[in-house]
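Taken together, the values in this text are just the output of simple stated rules run on the coordinates, not laboratory data. Since the structure is predicted, the reported quantities are computational estimates derived from the model, not experimental observations. So basically every Cβ, Gly included, is an ideal-geometry build from the backbone, and we count neighbours across all protein chains shown.
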Amino acid sequence: MLIVHVHVHVKAECVEEFQQVALENARESVKEPGIARFDVVQQTDDPTRFVLVEVYRTADAPAKHKETAHYAKWRDAVAPMMAEPRTSVKYGEVFWTR
């Protein structure tokens, strides 16, 4: 498993729109065979901050995900919503509940 946390800080006026676009992308992403899980979480003390928790079954699944139409749609839609560039951190599985 490859786990990626994508940290996103959106403009305050874009929070609701970002949620809608992110949920649409997440719903489509979990249909991909290489994705085991795709969560969208929002920081409780700062609603402009989100983390996308992407769990991939294989090392090549992230690249395949970035080739999908729903990813391209999400990427292009959220670009103007960003308060700062998004960042990501990759993790390996140590213990995983299924």
Original post:
Based on DSSP H runs of at least 4 residues, each adding -39500 (n - 2.57), what is the mean residue ellipticity at 222 nm of the chain after dividing by all its residues, to the nearest 500 deg cm²/dmol?
Top reply: -9000 deg cm²/dmol
Original post:
If you put +1 on each Lys and Arg Cβ and -1 on each Asp and Glu Cβ, how big is the dipole of the chain around its Cα centre, in Debye rounded to 20?
Top reply: 360 debye
Subject >> Convex hull projection area averaged over all views, the chain, Cα basis, nm² >> reply: 6.3 nm²
Subject >> Virtual paramagnetic centre 7 Å along Cα→Cβ of residue 60, amide N under 18 Å, in the stretch 11-45 >> reply: 32-36
**OP:** Work out from phi, with θ = phi - 60° and the Karplus expression 6.51 cos²θ - 1.76 cosθ + 1.60, the ³J(HN,Hα) of each residue of the stretch 25-34, listed in order in whole Hz, and give x for Gly and Pro.
**Re:** 5, 4, 4, 6, 4, 5, 7, 6, x, x
Original post:
Residues with amide H under 5 Å of residue 37's amide H, sequence separation 5 or more or different chain, H placed in the peptide plane at 1.01 Å from N; which?
Top reply: 55
Subject >> Interchain or long-range residues, amide H under 5 Å from residue 83's placed H >> reply: 9, 10, 11
Original post:
In 5 Å bins starting at 0, how do the alpha-carbon pair distances of the stretch 18-59 split up by percent?
Top reply: 6, 23, 28, 20, 13, 7, 2
Original post:
For the chain, what relative contact order do you get, as a whole percent, if you take Cα pairs closer than 8 Å and at least 6 residues apart?
Top reply: 46 percent
Original post:
Residue by residue through the stretch 67-83, which ³J(HN,Hα) values in whole Hz follow from phi under the Karplus form 6.51 cos²θ - 1.76 cosθ + 1.60 (θ = phi - 60°), with glycine and proline marked x?
Top reply: 8, 7, 5, 5, 5, 4, 4, 4, 3, 6, 5, 7, 3, x, 8, 6, 7
Subject >> Length added when fully stretched, residue 15-residue 73, from 0.36 nm per residue minus Cα-Cα >> reply: 19.1 nm
